[in-house]
1. Identify all residues within segment 1-18 that are assigned to a helix (DSSP H, G or I) and open to solvent by 70 Å² or more (accessible area, probe 1.4 Å); write none if there are none.
2. Go through segment 26-56 and give me each residue that's farther than 19 Å from residue 1 by Cβ, open to solvent by 90 Å² or more (accessible area, probe 1.4 Å) and part of a loop (DSSP other than H, G, I, E, B).
3. Surrounded by fewer than 11 Cβ atoms within 10 Å (Cβ to Cβ) and either in contact (Cβ under 8 Å) with a residue 60 or more places away in the chain or β-branched (Val, Ile, Thr) (or both), is that true of residue 21?
Amino acid sequence: MFDLIIKYGSMPSTWKGIIGIATAAGLVVSPELAAQIVALGIAVIGAINVVRNEKK
């Protein structure tokens, strides 16, 4: 499951779609908040990579 999340979460089209849907819904994010969201996303991906098992 984590592999699927990482696979689609790392695709730019996924983020473009999420941002497009949020924009269409009227969500406005300040630049400061956007930077914090990106930092949080990177931290979550890093934490997932630390705990997941690598397949060889």
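The values are calculated or read from the model by the stated rules, or taken from the named source; none is laboratory data. Nothing here was measured: the structure is a model prediction, and the numbers come from that model. Cβ atoms come from the backbone with ideal geometry, glycine included; neighbour counts cover every protein chain shown. Keep in mind that these areas ignore ligands, DNA and RNA; they rest on the heavy atoms of the full protein, side chains included. Shrake-Rupley method; radii C 1.70, N 1.55, O 1.52, S 1.80 Å.
1. 2, 3, 4, 5, 7, 8, 12, 13, 15, 16, 18
2. Scanning segment 26-56 gives 27, 28, 56.
3. yes
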